[in-house]
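Data first, discussion second: the structure below is written as structure tokens.
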Amino acid sequence: MNPMISPAKRFTPVNPQRQVEGEGVLRMLLLAAALAMPMGSMAYLKIQHTRLSYQMSEIRDLVHHQEECRRGLMLERSRYQRDEEIQTFADHAGMQPRKQAHLVPRVFTKEDQRLAKLLPPAGPLGL
């Protein structure tokens, strides 16, 4: 027998054992990956849920602010319309304004103008 052949025969049983160990390690890695995938997916979904909730709260705040602005504008518009209606009614009814003149913004009423035409000037400068 040749001494060179015998060492080669000794190494042949070692190769199948190493192959079996490699398959075991590979199976353990696949098992770990199979268990880690759902956990990673859950973590990713939780992060996306958190980001989405922050964005939704910002959108809700923006919508609330716009609603408040719209309510304020509607209130101003209704006040303006009411003031215009009061002014129109006062003009048609011939009402005289108060001293504050907040209803009819005129300095002199028709009565004041009529009196000014009838009376002479008060002094040399017309005061």
Restricting the first residue to region 101-118 and requiring it to be among the acidic types (D, E), which pairs with a second residue that is open to solvent by less than 100 Å² (accessible area, probe 1.4 Å) and at pLDDT below 75 meet a Cβ separation below 8 Å and a spacing of at least six or different chains? none
Of the conditions (1) modelled with pLDDT of 90 or more; (2) of a type outside the set (V, I, T); (3) surrounded by 10 or more Cβ atoms within 10 Å (Cβ to Cβ), Q96 clears all except one; give me its number. (1)
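The values are calculated or read from the model by the stated rules, or taken from the named source; none is laboratory data. Small disclaimer: the values here were computed from a predicted structure and weren't measured. Virtual Cβ from ideal backbone geometry, glycine too; neighbours counted across all protein chains shown. SASA here: full protein model, heavy atoms, side chains in, ligands and nucleic acids out. Shrake-Rupley method; radii C 1.70, N 1.55, O 1.52, S 1.80 Å.
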